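Below is one structure, written out as structure tokens; comments come after it.
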There are 2 protein chains.
Amino acid sequence: MSRQFLAEGGITLTGGGYTIVGVVAVVALVALAIGYVLLKEVLAAGQGTAKMQDIAKAVQEGAAAYLKRQRNTLAIFGVIVFLLLFALPADDWSERIGRSIFFLVGAVFSFTIGYLGMWLATQANLRVAAASREEGGREKAMRVAFRTGGVVGMITVGLGLFGAAIVVLVYTGQAPKVLEGFGFGAALIAMFMRVGGGIFTKAADVGADLVGKVEQGIPEDDPRNAATIADNVGDNVGDCAGMAADLFESYAVMLVAALILGSSAFGAHGLIFPLIVPAIGVITAVIGVYITKARAGEGGLVTINRSFYISAVISAVLSAVAAFIYLPSSFADFGEGFAHNTGNPAVIATVAVIIGIVLAALILRITGYYTGTEHKPVKDVGKTSETGAATVILSGISVGFESAVYTALVIAAAVFGAFLLGGGVALFAVALAGTGLLTTVGVIVAMDTFGPVSDNAQGIAEMSGDVDEKAAQILTELDAVGNTTKAITKGIAIATAVLAATALFGSYSDAISKAVGSTGSFVANIVSPETLVGVIVGAAVVFLFSGLAVNAVSRAAGAVVYEVRRQFREIPGIMEGTTRPEYGRVVDIVTRDSLRELATPGLLAVFAPIAVGFGLGTGALAGYLAGAIATGTLMAIFLANSGGAWDNAKKLVEDGNHGGKGSDAHEATIIGDTVGDPFKDTAGPAINPLIKVMNLVSVLIAPAVVTLTLGGGADTTWRIVIAVVAVAVIVAAIVVSKRRGSVMAETPAEAKA
Amino acid sequence: MSRQFLAEGGITLTGGGYTIVGVVAVVALVALAIGYVLLKEVLAAGQGTAKMQDIAKAVQEGAAAYLKRQRNTLAIFGVIVFLLLFALPADDWSERIGRSIFFLVGAVFSFTIGYLGMWLATQANLRVAAASREEGGREKAMRVAFRTGGVVGMITVGLGLFGAAIVVLVYTGQAPKVLEGFGFGAALIAMFMRVGGGIFTKAADVGADLVGKVEQGIPEDDPRNAATIADNVGDNVGDCAGMAADLFESYAVMLVAALILGSSAFGAHGLIFPLIVPAIGVITAVIGVYITKARAGEGGLVTINRSFYISAVISAVLSAVAAFIYLPSSFADFGEGFAHNTGNPAVIATVAVIIGIVLAALILRITGYYTGTEHKPVKDVGKTSETGAATVILSGISVGFESAVYTALVIAAAVFGAFLLGGGVALFAVALAGTGLLTTVGVIVAMDTFGPVSDNAQGIAEMSGDVDEKAAQILTELDAVGNTTKAITKGIAIATAVLAATALFGSYSDAISKAVGSTGSFVANIVSPETLVGVIVGAAVVFLFSGLAVNAVSRAAGAVVYEVRRQFREIPGIMEGTTRPEYGRVVDIVTRDSLRELATPGLLAVFAPIAVGFGLGTGALAGYLAGAIATGTLMAIFLANSGGAWDNAKKLVEDGNHGGKGSDAHEATIIGDTVGDPFKDTAGPAINPLIKVMNLVSVLIAPAVVTLTLGGGADTTWRIVIAVVAVAVIVAAIVVSKRRGSVMAETPAEAKA
């Protein structure tokens, strides 16, 4: 086994290296196998009464129908991008073809994971609801919910790691370029699934609440509300499908960023070590999932946190061991070209990975503090409900701002810490910190899936009426735990965005330096006006994207409101419970609207960097990315955590504080929660894939921008034409969405137009 | 008159130049004289009934008492900064002393203008209310209100221009360094006045509304509400004093930025031309103020806009004439050292100035569109009131996001456009665009002052009960016009922040290059992790500052709520109108609280750049400033415009739309307006001086950071000690403010603790 691959820049994989990557691929397959075992276990659980199964089936069908239509929409988009990718410069045909093919692989993987996550969740919802009715229901229900998360976690890390390992095996030195395609495919599809699913889930939720709770005074998940099935479908397509695709994307892009930088920092070792660390993460994730057992009397969050910390510590220890065994203690051992770097590679790698793991733990704690019902911030928001909705909104916004600041500072500190580790390989150290973060993704996905599954189980229980008081109590408790785990995931996801983006900056810089052909490296001086303009435009795009997402929810929710009102008005017997509302019509409306609405923010994400790059140049584009990363990080966390705090403040009041259910304070917190819905489940989580997509688009177009800039004459004309077309696409998309109106309080005729 | 000043870098003022600057100083004095004439006219107007005078007197006393206490607080702070400034590196003693002395001059000017603006407004309120009762009341009231603005406008531009001209006359080549002190003093005091006044006005307003309108169901400005006088005092100390100081600061810092860059771009001409343009602005502002006459049947805003456009056109024409007369057509004419620049200086200067004037006009239009009651966005927000408060909040946030994006893009386009004018003098072109913007400041201040004066006149009318239906109608109309003019001013102010900051970046760069002593210029590469970390931290500080400001209002408003409730409970006869509430106690409480609350955001603004600079280095500090500018611009406009849209949506409903006063829709818009209050009047407007303060602190400390960094050994220790102390100050300030609680719904005991 002494095969050697000669790679660009002289990077070769030795037989030993080849073996290790092969082992990593096997570990990835093992993860998939374990996922299958867990899946069998989940499916084997009891399925409750016929009525419960009926409801679950309606939800399953709605979710499947949505994803099928979304697949068709995205397929067209995917093919177009596939062809455009071909048009971009590449070193040779092998790279060009590999990049486009692996773009499709990344896209298909991303969609598949989303689909599986959603399918599985719809199966698990019913079984969790059923388990809650059995003897020892709390432990059984929690076990099914967490095992379900385990399946999704295993698939996410398994496919991500397998894809990356295969690329490294096949392409070796050219792997970075091909991986750009893989990451871009994953990120692009994940962004669409996050946006589309996010619009679906919140349009249905807000629409259902506005007519049901606010106008008619009937409880959540009441079967008389025509939007309830759509609401439950939304939990699956938004929180499950969107989230699973998003975390897969985070995993894939982070790996891509690390592998891109690896060979120039650590030689062949640099292509292998970033795969070893997440492979370790797979092992510890399995441990984490299997050790999650609720102890008597402890809260669900305590159980989950314990698993997280145990697997984090195991990951840290094993990664350190791997670093010291696999990596040499001197850069000179990597070969001639690396001897100028100082420091001990094994130490640098170990500390970087640990920085990533500690970062995950800190985000867990900060998010838990700001969004958990047992801590001061949410309690304070709850208190303000006594002075009305305005103060609830203001205090929630303060909590969001504050938590965003501390989370962003912790992420910034991690980047800076990794950067300080080594001047020569600073960017790679940042990427390695990212792989440290990745070791926790398996458990994180498991935690996250827990949320919507519990939420939906509660929905099925409520609608069927076949679940007793005690079982309902169990499901409510699991749901509250799910709220916090969901917020934590978003924090971790945005952290991967920052680390990956920082690392990808290196790739961007390299691409430009190479295209320019100078020996010096690319510099975008921030004190130069065009770079500063880029920073402002980048920050502006984050605001625009957030505003578009919130607006899309408002519009789609408006359509739901009018349809539910119409059914109450035109179909006799709904309110009395003698006639079933037409659930399917609401599902159809939300499906159609959310797929239509995802176009504008999606086009913005792809075309804005094209417009800035070709229009204002590479310096402005670098500034643009920095502005988008910085503002995006703060905005994403602000939106996620203020939304989480409002949701849990409402739960506090519903638990009997400040007047309890039905009081003025309760109404005030419902208003807060409704404002928070599109914040935390639509706009906020979509910013993470947005940043990745914009980064990867920039990396991909950078050589073309440089070529056209340097060409002069006709080339300059082309550059301007491309920029103008990109701006025109964005403007057209915004105008079209404006045409559909901008508020939910339109007349039914307007809403349908 | 052939005196010549030999300046640093070989810049000399010829006798002719000396004369021109002298003329500018005279123009500035003429502006002050015209202000005096207008003042006499305002004071000569009728003062209404004794009851009205009584109320006005109470407001005047409250406002004066607040500003007196604020002066004492700020004086201590000013002296400390004065001494710290001495410790910073300077080229020689003349520069060191000049910088510190002109820091005090800037600070005193800033405070004086704020004080005068406030004093004058309290005089004018009464007279506007009185005028509305007379024959032809509408025109008379409008005339008094606008003339009042004219006085403040004349003082603002007069003192700003006079200060800058004197510095140039006395220090010539050293003027830039001394001007940094002048600008810093102006910005620092303006920031404190914006923050303190903003907290005062909104704590009183929100507190008064929560108990009055929401709990007791009594109208705004009802004399039975103990917080009404405080509310009216707030309008004066926040909207008048804070705003006047802020616009003076914008004026001064923009001039400083232009003068700093002038000599290296245009030689001696560069020290003079940036003074000529605003001097022209003074002349056109006078014209603008005098031609503002309402035509029969036209809305107040139309009248005001007409004055703006007329003076803008005159400014543009006169500036072009001045440029072509004063500036040569070739850079070679500036002297040997300038011959390498290409292009025609007269053309560059003309286009740059016109870019600034067009920018002002565009901001006027965008802001008018997004916050005016007659356009779609506010109408849409009004519509959403039919589906409740949550949708009002969401649609207002969308409007804010959207308008922020377009305004930021327009500002970015102006920067980029000026930058494209000339590679060699690009930064100076940006600064000249800023001076173009300055030509509109006189009219802008006049427009802005209009708002609070009308608002207060309405308050006095309401409380006295001495104003009939027709007069009340006139005052309501003027108040609505004032709402939009206020939002416009904030947009213009933030635009000056971006232009000034971009220009000051050049100064920052120069300071570092000089301190490093290399021939190459300073580069902060944005693709380097430490710069990116700086960008993230800069964006985070804007979020933190905004959150702190909103929180401060909540806390201070909580104290008002408890005091007003206490008075209703403990003092018999208030509700029946037989006993007068203790207005003074509420004023005292708000005064104490807002002065206490301004410390934390103020310390953050000063110490955050110190912490970043000394802790992470000059590259990170450059990134920090860019992040703060980009995010600050968007955040400031988002906060100002969403607040403005909510306020005017409420007015729409109150005008009888969507159910009118007392409907559910009305209640929903009141909630929106209450959320918007601290957005638009506290956090939003304070971001403009925040950006300037952070920029100037960075420029001032840059040489010290470089010296300590290069020194090594003991110097490095000092660098870290300074950074740690700065962080400690910020953390301590935040902890202290946290200790005071973070929400308004505390028990009275907690609120007072």
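Brief remarks on what is shown
- Efficiency of FRET between A:K40 and A:E135 - r from beta-carbon atoms, R0 22 angstrom, step 0.05: 0.45
- Cα centroid of the range B:198-269 to Cα centroid of the range B:324-357, whole Å: 39
- Peptides ranked, highest mean first, by Cβ atoms within 10 Å: ranges B:371-380, B:181-190: B:181-190, B:371-380
- Surface share of carbon and sulfur [accessible, 1.4 angstrom probe, percent] for the protein assembly as shown: 63
- Length-normalised contact order of the range A:603-753 in % [C-alpha pairs under 8 Å, at least 6 apart]: 37
- In terms of the mean number of neighbouring beta-carbon atoms within 10 Å, the peptides B:465-475, B:359-369 order highest first as B:359-369, B:465-475.
- Put simply, the amide H of A:L13, placed in the peptide plane, has neighbours under 5 Å in A:F5, leaving out anything fewer than 5 places away on its chain.
- The mean number of Cβ atoms from other chains found within 10 Å of a Cβ in peptide A:550-563 is 2, as a whole number.
- In the protein assembly as shown, a dipole from Cβ-located charges (positive for Lys and Arg, negative for Asp and Glu) runs towards its positive end, and of B:G343, B:S546, A:I722 it is B:G343 whose Cα lies farthest in that direction.
- Heavy-atom accessible area with a 1.4 Å probe sorts A:E576, B:E139, largest first, into A:E576, B:E139.
- Of the residues making up the range A:370-397, those losing 50 Å² or more of accessible area when the isolated chain is joined by the remaining protein chains, with a 1.4 Å probe, are A:K383, A:T387, A:A390, A:L394.
- Copy-to-copy label separations for B:G46, where each label sits 7 Å from Cα toward Cβ, in nm and ascending: 8.7
- Taking Cβ atoms as reference points and 15 Å as the exclusive limit, the residues near A:L598 contribute a net charge of +4, counting Lys and Arg as +1 and Asp and Glu as -1.
- Rounded to the nearest 100, the interface formed by chains A and B buries 6900 square angstrom of accessible surface, both chains summed, with a 1.4 Å probe.
- Taking all Cα pairs closer than 8 Å and separated by 6 or more residues, the relative contact order of chain B comes to 19 percent.
- Where the range A:371-435 is the region considered: accessible area per residue in Å², 1.4 Å probe: 23
- If R0 is 45 Å, the Cβ-Cβ spacing of B:K738 and B:T578 corresponds to a FRET efficiency of close to 0.60.
- Residue-normalised accessible area of the range A:240-322, given per residue in Å² at a 1.4 Å probe: 24
- Accessible area per residue in Å² at 1.4 Å probe, computed on the range B:138-218: 16
- Distance-filtered residues of the range A:586-624 - backbone nitrogen under 17 Å, label point 7 angstrom along A:V721 Cα→Cβ: A:611, A:614-615
- Once the partner protein chains are put back, the range B:528-548 shows a loss of at least 40 square angstrom of accessible area, versus the chain by itself, at B:P529, B:E530, B:L532, B:V533, B:I536, B:A540, B:F543, B:L544 (probe 1.4 Å, ligands and nucleic acids excluded).
- If the segment from B:K470 to B:V214 were pulled out straight at 0.36 nm per residue, it would be longer than the present Cα-Cα gap by 89.4 nm.
- Working ranking of peptides B:58-67, A:19-28 by packing, defined as the average number of other Cβ atoms within 10 Å per residue, highest first, is B:58-67, A:19-28.
- Across peptide A:674-686, the mean count of Cβ atoms from other chains lying within 10 Å of each residue's own Cβ comes to 2.
- Using C-alpha pairs under 8 Å with a sequence gap of at least 6, the mean separation divided by the residue count of the range A:54-156 gives a relative contact order of 27 percent.
- Charge dipole magnitude, Cβ of K and R +1, D and E -1 - chain A, Cα centre, debye nearest 20: 860
- Across identical copies of the chain, A:S329 has label-point separations of 7.5 nm, listed in ascending order, with the point defined 7 angstrom from Cα along Cα→Cβ.
- In this structure, the pairs whose alpha-carbon distance is over 25 Å, taken from B:K202/B:K661; A:K376/A:K490; B:K40/B:K293; A:K383/B:K661, are A:K383/B:K661.
- The mean count of C-beta atoms from other chains within 10 Å of the C-beta of residues in A:501-508, rounded to a whole number, is 3.
- Cα long-axis angle, helix A:175-209 against chain A (0 to 90 degrees, to the nearest 10): 10
- Between identical copies, the spacing of B:E582 label points, each set 7 Å from Cα toward the C-beta atom, reads 6.6 nm from nearest to farthest.
- Electrostatic tally near B:N688: other residues with Cβ closer than 14 Å to its Cβ, Lys and Arg +1, Asp and Glu -1, net +1.
- For the range B:524-617, the extents of the C-alpha atoms along the principal axes are 70, 18, 13 Å, listed from largest to smallest.
The values are calculated or read from the model by the stated rules, or taken from the named source; none is laboratory data. Predicted, not measured: the structure shown is a model, and the values here were computed from it. Neighbour counts are summed over all protein chains in view; Cβ atoms, including those assigned to glycine, are modelled from backbone coordinates with ideal geometry. Just the protein is used for accessible areas: all its heavy atoms, side chains included, with ligands, DNA and RNA removed. Shrake-Rupley method; radii C 1.70, N 1.55, O 1.52, S 1.80 Å.
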